[in-house]
Amino acid sequence: MRSSHSRRYISSRVLLYGSAIVLALWTLVPLYLVALAAFSTKQATFQWPKPLLPTDFSTETMEFFVNTRGVLGSVGNSVIVALLTIVASLVIGAPGGYALARFRFRGKDTVSLGLLISKMFPTAILSIPLAVAFIQLDLYDTIWGVALIHTAMALPFVVIITSGIFVGVPRDLEEAAQTLGCNRVQAFLRVVMPLALPGLAAAAIFTFVISWNEVFAATILTLRNRTLPAQVLSSLNDSPLYYRYAGGFFMIVPALIFIFLIRKYLLNLWGGVSK
Amino acid sequence: MAGIRFQSIRKVFGKTIAANDVSLEIEDGEFMVLLGPSGCGKTTLLRCLAGLEHVDAGRVFIGDRDVTDLAPRDRKIAMVFQSYAVFPHLTVFDNIAFGLKMQGRSREDVKRRVERGAELLQLSDYLARYPAQLSGGQRQRVAVARAIVMQAAVLLMDEPLSNLDALLRLQMRAELKRLHSEIKATTIYVTHDQVEALSLGDRIAVMQNGRIVQCDAPMNIYDYPANTFVGGFIGSPPMNFLKGVVQTNGAGTSVNVGESHIVPSAMVAPALAAKTGQPILLGMRPENLALTPTQLPNTLRAHVLVVEPLGSHKLLTMQVGAEFAKVSVPPDQRVEPEDDVWLHFDADKIRWMDAANGEAIR
């Protein structure tokens, strides 16, 4: 009786950890292979079978990639565009999510639905009119323009994610803050915001990923001020394999750093898991 | 310190009228309980006072100030919520300090007041903890401490004990009463629990369907319910209501209940005489009925259906004619199911109600 119970416990543990390992490998192995190729010599990239350990470590490939004209600038552009997008989409989207979560108003369902419908509209169709409009507005080939488009892309998700979060923050807490001397804005900043932080962090990560990976609009709307994906894309087809690995590695690292930094906000910090 | 005045308050949610022309005056330092079943508008009235709801009509005064159009934070009130609404991201200390900090008090002042409040509610050992690390009862204390440190003239409580278990509720009830005698703030307390209302209130306002049906001292409400609703809502078990018909002849006014003739007290006889021939209800508290083996003046024939020994007393379910009544008797009373007995009562203890509209006849 007892042993069959513990056997079931062990097998469920094995299953749990086994699945976790498989999932981790699924993500980590490609990352490792990309990193390996990026930090090997040019020749090593073409070796077969590939060595699974960094036998001939070299920064030659990375140096080549980094020193390619436009790459460093495009990394800077990408970071700035991503940060601008996060700030803009949270500043615009979070209040939208809050309104959907807290208030009942005419056309509320239409608004929620409209947010999703806007995502069904293909960017490809919009791209030419957008380019024209941006040229007229002097936004063409600027990081501001790209950030604007990325914000537009991320906004529906940010509104939907944040409204889900704000629904989870009890209205009582906000009202309690109001009876304790806060106006609505103070109650939001002092009580709702801190409680919504994990969700806002998730929304920020999501927005970052959207902006960091977005290549189509960035390619159409810029010429010299390219973001990294646009830059890499434009030169990828004509470049050797090791260059592509270096580019891939360079695309991954900032995203990893960002997610790592913001990760702690995803966890509840106040005295363990609350009910 | 300040009194409170509701003046013809009206509040409508969609098609529901939560407060229908409610007027109520509460004196400085009074403990007023708003009592009623769920949906009667008691919480709405409280929230209108707190400024969390905007009234559709009428005015609200705190002291001499018309606060009807003021934001909650400008009303000088403090409130304890049913859910406690303790901030999960702040420690107990910071929770209690929240309102004081918003008032811009100095660090030492805040610390002193928080410590005093924590002491009053026995939270001194928990100041560094987060709400998630507290029990339900402790969280409730934090909510009360957070409200009382504000030293607001008016303290509002919205069913503060309803989420506690029975024993804790009993303790906290007495503690709240002690607290009120200590801080003496004008208090409005919303509850659907009639025992809490009787125990805590200087006065009780009983509400039904968005109206105050009776507002009086607890024992007056208990002894002289204004209508059958109040009599049935207050008291556990509730007041019994038996049907009768008023009869007036040469000998005076009496009321026929089944085969018995009940002679009302001289006080209400004239009022009853005016209803001659009409059906009427006799309201009787279970503890005001006694068993006798023989027929006396003012007795009713009754058949014992159920006997429930409850320790401090026995609760009997009786059949009286075609109706049922609950009777509370001493624990040592010898009584068995299926016994046929006579129910005796003091005519002064009967509350006469108009059968048509349920209003008390006095």
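The values are calculated or read from the model by the stated rules, or taken from the named source; none is laboratory data. All values derive from a computational prediction rather than experimental measurement. Note that each Cβ is placed from the backbone with ideal geometry, even for glycine, and that neighbours are counted across all protein chains shown. Only protein heavy atoms, including side chains, enter the accessible area calculation; ligands, DNA and RNA are left aside. Shrake-Rupley method; radii C 1.70, N 1.55, O 1.52, S 1.80 Å.
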Nearest-10 value in Å² for the accessible area of residue A:72, using the 1.4 Å probe: 100 Å²
FRET efficiency, 1/(1 + (r/R0)^6) with R0 35 Å, evaluated for residue A:171 and residue A:66 via beta carbons: 0.10
Members of segment B:65-98 that become less accessible by 10 Å² or more once partner protein chains are added (1.4 angstrom probe, chain alone as reference): B:72, B:73, B:77, B:79, B:81, B:83, B:85, B:87, B:88, B:89, B:98
Cα gyration tensor, chain A - rounded (a/c under 1.5), prolate or oblate: oblate
Distance between segment A:87-133 and segment B:300-362 - C-alpha centres, whole angstrom: 67 Å
Two-site FRET efficiency, residue B:25 against residue B:175, from Cβ-Cβ distance with R₀ of 22 Å, rounded to 0.05: 0.20
Cα-projected label distance for residue B:256 with residue B:271, points at 7 Å along beta-carbon direction, nm: 2.4 nm
Magnitude of the charge dipole, the protein assembly as shown, Cβ model with Lys/Arg +1 and Asp/Glu -1, debye to 20: 1780 debye
Computed over the protein assembly as shown, Cα set: Rg, Dmax in Å: 36.5, 127
Dipole in debye (nearest 20) - segment A:2-60, about Cα centre, beta carbon charges: Lys, Arg +1; Asp, Glu -1: 580 debye
Dipole-positive endmost among A:231, A:150, A:201 within segment A:68-269 (Cβ charges, Cα centre): A:201
Euclidean distance between Cα centres, segment A:28-57 to segment A:135-194, Å: 43 Å
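Once B and A are treated as a pair rather than alone, how much accessible area drops out, both sides summed, in Å² to 100, probe 1.4 Å?
Values: alone 17140 and 17090 Å², together 32200 Å².
For B against A, buried area totals roughly 2000 Å².
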Dipole-positive endmost among A:68, B:307, B:23 within the protein assembly as shown (Cβ charges, Cα centre): A:68
Solvent-accessible surface ranking, highest first, for A:212, A:26 at 1.4 angstrom: A:26, A:212
Calculated FRET value between residue B:115 and residue A:106, using beta carbons and R₀ = 45 Å, to 0.05: 0.35
Positive-end residue, segment A:2-60 charge dipole about Cα centroid, Cβ charges, pick of A:57, A:39, A:17: A:17
Residue-by-residue Karplus 3J(HN,Hα) for segment A:163-179, coefficients 6.51, -1.76, 1.60, Hz, glycine and proline x: 5, x, 6, 5, 4, x, 8, x, 4, 3, 5, 5, 5, 4, 4, 5, 6
Nearest-10 value in Å² for the accessible area of residue A:22, using the 1.4 Å probe: 90 Å²
Probe 1.4 Å - accessible area at residue B:219, Å² to nearest ten: 110 Å²
Carbon + sulfur, % of accessible area of the protein assembly as shown - ligands and nucleic acids excluded, 1.4 Å: 61 percent
